[in-house]
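The values are calculated or read from the model by the stated rules, or taken from the named source; none is laboratory data. Nothing here was measured: the structure is a model prediction, and the numbers come from that model. Using ideal geometry, Cβ is built from the backbone for each residue, glycine included, and neighbour counts are taken over all protein chains shown. These area figures cover heavy atoms from the full protein model, side chains too; ligands, DNA and RNA do not enter into them. Shrake-Rupley method; radii C 1.70, N 1.55, O 1.52, S 1.80 Å.
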Amino acid sequence: MKALRNTRHDVDEPARGAGGESNRDFDFTSADFERIRALIHRRAGISLSDHKRDMAYSRLARRLRALGLDSFREYLDQLEARNDATEWEAFTNALTTNLTAFFREAHHFPILADFVKRRAGVAGAQPVSVWCSAASTGEEPYSIAMTLVEALGDRAAREARVLATDLDTQVLAKADAGVYAFDQVKHLSPERLKRFFFKGTGSHSGLVKVRPELRAMIKFEQLNLTDADYGLRTTFDAIFCRNVMIYFDKPTQAQVLARFEPLMKPDGLLFAGHSENFTYVTQAFRLRGQTVYELTRGRSDAAGAAPRRASDALGVPA
Ligand SMILES: C[S@@+](CC[C@H](N)C(=O)[O-])C[C@H]1O[C@@H](n2cnc3c(N)ncnc32)[C@H](O)[C@@H]1O
């Protein structure tokens, strides 16, 4: 079992760590911050608010130290002039916020389970495909895969697939490794722990590793939600897009939702984060239940779509 990589920003760092103006190693002017803001917005759609100033300083100061540079201006000049893909990746990785957890926003998972069970019960149903579009360090896609196994049993390995993407390559590497601190899974039921994880021993004690059968259900790939074309040539039964739209401005959110629309099966579900409301951004999706959306044009008798019953209601009428 591989040791855990550096999980440097698994939390949305508050305005600390930079130690305030006086303790800073480097000058950090408003012009520097404005430049960083413009660059990360162009690159990732992320809108950095004023209170992220110290966070931007502390994360990027590490890049300056690593590169032996003396000022933010020099760093940003080099970044733009050299256009080096590796440094752009480091810049982007540094500014993403990756907070996540297993079975975060737990109410979504029984909804997903019911949905896939119904779908799989329809004659001639296609394999179930779920896209986790801001997968971070993997806890969310692994929670989705566990839900699929619990809903479909042994069939899940053959009949269910999860695509897990994120912009940040560093978190994807951690997700790919599937190694977590026991503390991160200790709230899972003993059945889940036993079924889906190996427990580390010796030098790996205190760690768990996702079992290969679960890992095999997931494909991890880098994907930028602000790209014009995602290069996906398939449609999904469910898309998880949770706690990433909050970092985007409204026009960016609208563009992302417009790209999701053709990627959803007619009766597919879109799962959003607890503080994200797409109703004001698009008419293509409508709320079906607590932070769960469906296509407005979607309800259909398309092949594989399960008929809707009264018991399918998710709390809020469509
Ligand atoms: C706060 S985490 C949310 C993780 C998970 N979805 C959850 O709800 O627990 C946000 C994730 O969005 C990713 N992200 C930010 N901008 C992105 C973009 N333009 N395209 C794809 N992913 C992006 C970040 O790298 C980060 O891992």
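Among residues of the range 206-232 that are more than 24 Å from Leu167 (Cβ to Cβ), those with a beta-carbon under 6 Å from a residue that is open to solvent by 40 Å² or more (accessible area, probe 1.4 Å) and not aliphatic (A, V, I, L, M) at least six positions away or on a different chain give the pairs Gly206/Phe182; Val208/Phe182; Val208/Lys199; Lys209/Phe198. Residues of the range 115-149 that are away from the ligand (no atom under 16 Å from the Cβ) and without any contact (Cβ under 8 Å) to a residue 40 or more places away in the chain: Lys117, Ala120, Ala123, Pro127. One residue alone among Ala66, Ala106, Ala145, Ala120 is surrounded by 21 or more Cβ atoms within 10 Å (Cβ to Cβ) and modelled with pLDDT of 95 or more, and that residue is Ala145.
Just one of the listed residues (Ala173, Ala181, Ala160) is among the small types (Gly, Ala, Ser) and in contact with a helix residue (DSSP H, G or I) (Cβ under 7 Å, 6 or more places away or on another chain), namely Ala160.
For the range 151-165, indicate whether the set of residues that are at negative phi, at pLDDT 95 or above and among the acidic types (Asp, Glu) is non-empty. Checked against the condition, which is being at negative phi, at pLDDT 95 or above and among the acidic types (Asp, Glu), the range 151-165 yields no hits at all. Exactly one residue out of Glu21, Glu34 is over 18 Å from the mean Cα position of the chain (by Cα) and at pLDDT 95 or above: that is Glu34. Looking for whichever is within 11 Å of the ligand (Cβ to nearest atom) and farther than 26 Å from Gly231 by Cβ here; the options are Glu34, Glu105, Glu74. Which one fits? Within the list Glu34, Glu105, Glu74, the selection yields Glu105. Any residue that is within 16 Å of the ligand (Cβ to nearest atom) and more than 21 Å from Ala106 (Cβ to Cβ) - is there at least one of those in the range 234-247? Yes, because at least one residue in the range 234-247 is within 16 Å of the ligand (Cβ to nearest atom) and more than 21 Å from Ala106 (Cβ to Cβ). Within the range 149-201, the residues that satisfy the criterion of being surrounded by 18 or more Cβ atoms within 10 Å (Cβ to Cβ) and among the polar types (S, T, N, Q) are Thr165, Gln170.
Is the range 274-296 home to any residue that is touching a His at 6+ places or on another chain (Cβ under 9 Å), modelled with pLDDT of 95 or more and under 27 Å from Phe103 (Cβ atoms)? So far as the range 274-296 goes, yes, one or more of its residues are touching a His at 6+ places or on another chain (Cβ under 9 Å), modelled with pLDDT of 95 or more and under 27 Å from Phe103 (Cβ atoms). In summary, Thr97 fulfils each of the numbered conditions (1) under 25 Å from Thr165 (Cβ atoms); (2) in a loop (DSSP other than H, G, I, E, B); (3) open to solvent by 70 Å² or more (accessible area, probe 1.4 Å) with the single exception of condition (3). Go through (1) open to solvent by less than 70 Å² (accessible area, probe 1.4 Å); (2) under 23 Å from Gln170 (Cα atoms); (3) away from the ligand (no atom under 16 Å from the Cβ); (4) modelled with pLDDT of 95 or more for Phe28 and report which single condition fails. If we test Phe28 against (1) open to solvent by less than 70 Å² (accessible area, probe 1.4 Å); (2) under 23 Å from Gln170 (Cα atoms); (3) away from the ligand (no atom under 16 Å from the Cβ); (4) modelled with pLDDT of 95 or more, just (2) comes out false. Is it the case that some residue within the range 170-183 is of a type in the set (Lys, Arg), more than 30 Å from Arg155 (Cβ to Cβ), within 15 Å of the ligand (Cβ to nearest atom) and in the same structural domain as Ala113 (by TED's automatic domain parsing)? Within the range 170-183, none of the residues are of a type in the set (Lys, Arg), more than 30 Å from Arg155 (Cβ to Cβ), within 15 Å of the ligand (Cβ to nearest atom) and in the same structural domain as Ala113 (by TED's automatic domain parsing). In the set (1) over 18 Å from Thr97 (Cα atoms); (2) touching a Pro at 6+ places or on another chain (Cβ under 9 Å), Phe240 fails one condition alone, (1). Within the range 151-169, does at least one residue satisfy the condition of being free of Cβ contacts under 8 Å to residues at least 40 places away in the same chain, within 12 Å of the ligand (Cβ to nearest atom), in a loop (DSSP other than H, G, I, E, B) and farther than 20 Å from Gly268 by Cβ? Among the residues of the range 151-169, not one is free of Cβ contacts under 8 Å to residues at least 40 places away in the same chain, within 12 Å of the ligand (Cβ to nearest atom), in a loop (DSSP other than H, G, I, E, B) and farther than 20 Å from Gly268 by Cβ, which makes the answer no.
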